[in-house]
Every structure is written in C-alpha cells, then in structure tokens.
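The values are calculated or read from the model by the stated rules, or taken from the named source; none is laboratory data. The structure presented is a predicted model; accordingly, all values stated were derived computationally and were not measured. Here Cβ is always computed from backbone atoms with ideal geometry, including for glycine, and neighbour counts include all displayed protein chains.
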Amino acid sequence: MIDGKPSVNPRYLQTRLDLSNPVQAYVSEIDARFHRKLPLDKTLCHPVDAVLTGRRNNPPEPGIRPLAVYNPIHYQELPELFMDFVCSLTGKSPSTTGAGSEGALTKGPFNSLRTTADLNNALVSYILTGHPGFSSSAGFIGPNVRVDHDISLLVPEVWARLSKEQRDANYMIENGYLEPVEDFDFDGERVLASRLGYRITYRFVHSFLGKIFDNPNAVFTKDVLKPELQDLAVFADGVNNIVEAQQRVAQQYLDDGSVEDACPPLKALLHIMATGEYEGMDVHDPKIRAMFTRDYLLNSDWYRERL
C-alpha cells in the first residue's frame, strides 16, 4: 500500500504462490527429489537454465518517443543483444521519472567501476554459458495494445512447458517459431529494424501457447505479432529512437576513452553503434559476427590474458 492505495506497480501485487498454496510448492519439491533420487537430508538445488530479460515499452506521448516495437518475445544474437545492454533504453515507467537510458549498466552513482568492466563480464558469461538472448515485453506491444506486466509474468509459464530442445534459438529459427525482423525503407530513410533480432511467429503461438490458453490466437493476434501493422510510422520512429539512443550512448564511450577498456568484440560493437562501422565492417559482416562466438573467445589473446 502506498499512501493508503494499492501500488500501481503490478510486480508488488503479485501473489506468492508458495505461500498461498504451500501444498503445490511441497509437491513440486518432492517431485524434483524423486526425479533426481535425492533424499530429504540433501539440499535440493534448482539451477537456472534460461535467462530472459524484460522490456518496458511505451506508445508515443507528448515529449516521449515510442518504444513499443517489440512483439511478446524476441530473440537477439549477441551483437544486437549487447547493443541493447550498452544502451539500456527504457520506456516510460511508473517506477521512474521519465524515459531514457537508465538500465543497471548505466547507473554510475551506484557503481564506481567503468561500465566496460560490467559489459566485458556480461559478454564473456553469455558466450561461455551459451544462454540465448531472449526478452519479453511489458507496457505496450505496438501503440494500441497495452499489456502491463502480463506478458513478462506469463513467459516463465511458457518456458517451463518447453523442452530443452524447444528452448534452443536455432531450433526455433529452423522450425519457423522465430522470424527475423528486416531493415526497411520508410519516408526515404533506412530503418534498421534488424536491431530487434527475431520475434515469435504464429507457428510459435499455435504450437506452444495452447498449453496455457484455450484459444491463443485470440490473444496473440496478427497485429500483436507484427506491431508495425498497428501504425508503421510509429514503428519506424520507435526503431529510430532505439538506434539514435544507441548511437548517443556509444559515442560517450569513444569520447571518454573507455572504449579502450572494452574487449575486442565490444570495442568493435561500440564503434559500429556510434559510427555505423568498424574498420570498414558493419554489424552484419561475418568477421564481426565471428567475434561473438565461443571458438573466437577461447582462442583469443585477450581472453587468455583475462584468465
């Protein structure tokens, strides 16, 4: 309760199911023990094998540009994912005073290390663990569909019902559960929508969301899966908002010299975000993509030096 009224932040209103239904929590624990043949006097660990970040999106408002360009679930390969992590762009949020670049990696007053240290650690962790870069939407999907935190809270229910193979991004792409978002031209300018990576398709909805909804197609309609169908101009401005914010934030790394602290893949990425290219290569160049692979990491001089 805030000033005698329920909080407007849905996260604080979520029910603790392990407290409201302790029998269900107990059965779940015993089930895991049976499966692993683990006696009661041994600690039961629940390893995390999926990491999905969340996005707060907003429609256009006076003084605030749109950010509602993502459909319910997106996948980004590491270059595009870390463009987002570097920028940490957020839309209008009830728990903040506005919109802008304000994610955990940009809260300088709370972290005396240069942000390149966090970024280097995060990139090495992602490469070594092989976690795919999935994210879910909160706030709005397109300018017309308000979802609050419903999608973010739903995703764990979806992911828990997928097999390990089904949660693999390459499997999803090969089987049509994810589609790439392509660059396009609008009003005579190139819109770099490929920064959004891949997004779930009708096939994903039909195959997986029937485990939760009786009629998932009524919830995940065509203009939810493709937000540009709601308003192409708003979609284009939202993508441009992201690209311009990424350019502005990356330029700060070049201006203060902290780009030199970044590991080679991130150094290349920061230059591409700020100027569009690095040593004559853009983000789609195979040489740039290769820098974000496990083989490149393990064989690189900078990683050996790091160890």
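When residues in the range 213-249 are screened for being over 23 Å from residue 182 (Cβ atoms) and either hydroxyl-bearing (Ser, Thr, Tyr) or crowded, with 21+ Cβ neighbours inside 10 Å (or both), 1 of them pass.
Yes or no, residue by residue, for (1) modelled with pLDDT of 95 or more; (2) within 25 Å of residue 87 (Cα to Cα); (3) touching a Pro at 6+ places or on another chain (Cβ under 8 Å):
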site: 202; (1), (2), (3): yes, no, no
site: 219; (1), (2), (3): no, no, no
site: 229; (1), (2), (3): yes, no, no
site: 245; (1), (2), (3): no, yes, no
site: 284; (1), (2), (3): yes, yes, no
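Taking the criterion of being at pLDDT 95 or above and farther than 19 Å from residue 88 by Cα, would at least one residue in the range 268-275 satisfy it? No, the range 268-275 has no match at all.
For the range 106-136, taking the residues that are at pLDDT 90 or above and polar (S, T, N, Q), the one that is farthest from residue 154 (Cα to Cα) is identified as 116.
Which residues, counting only those in the range 15-30, are within 30 Å of the chain's Cα centre (by Cα) and surrounded by 10 or more Cβ atoms within 10 Å (Cβ to Cβ)? Those that are within 30 Å of the chain's Cα centre (by Cα) and surrounded by 10 or more Cβ atoms within 10 Å (Cβ to Cβ): 17, 18, 25, 28, 29.
One residue alone among 290, 268, 245, 262 is touching a Ser or Thr at 6+ places or on another chain (Cβ under 8 Å) and over 21 Å from residue 67 (Cβ atoms), and that residue is 262. Looking only at residues in the range 31-57 that are among the polar types (S, T, N, Q) and at pLDDT below 90, the one that is surrounded by the fewest Cβ atoms within 10 Å (Cβ to Cβ) is 53.
Taken over the range 276-295, the criterion of being free of Cβ contacts under 8 Å to residues at least 24 places away in the same chain, surrounded by fewer than 19 Cβ atoms within 10 Å (Cβ to Cβ) and either in contact with a strand residue (DSSP E or B) (Cβ under 6 Å, 6 or more places away or on another chain) or at negative phi (or both) is satisfied by 277, 281, 282, 285, 286, 287, 290, 295.
The residue pairs whose first member lies in the range 1-23 and is outside any loop (DSSP other than H, G, I, E, B), whose second member is modelled with pLDDT of 85 or more, and whose beta carbons are closer than 6 Å, counting only pairs six or more residues apart or on different chains, are 18/25.
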